[in-house]
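So the structure is just underneath, and the comments pick up after that.
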């Protein structure tokens, strides 16, 4: 159900093609994890990082994607083509 909702959101409000966002490989790893619904603790375990480090990466992702929460970050990343529904 979540992938279908995200697909509909992405189809309704496409972003400008000139919008470019550069995420580090670690930020992409964290972004894919939040797209799967992982908690900060689970992300830390999967990434072998401390929870504060994961939260720092999340803040950077939010800033770069102009998002204020995980859902907005995932939605924006889908619209920009940074992640796909296969990443969910």
Projected label distance in nm at residue 45 and residue 25, using a 7 Å step from Cα toward the beta-carbon: 2.5 nm
Mind computing the radius of gyration and Dmax over the alpha-carbon atoms of region 22-63? Å is fine for both. 8.9, 25
Ranked on Cβ counts within 10 Å of their own Cβ, fewest leading, 54, 21 go 21, 54
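Rule-based calculations on the coordinates, nothing more; no lab input. Keep in mind that what you see is a predicted model, and the values were worked out from it rather than measured. As a convention, Cβ positions derive from the backbone with ideal geometry for all residues, glycine included, and neighbour counts pool all protein chains shown.
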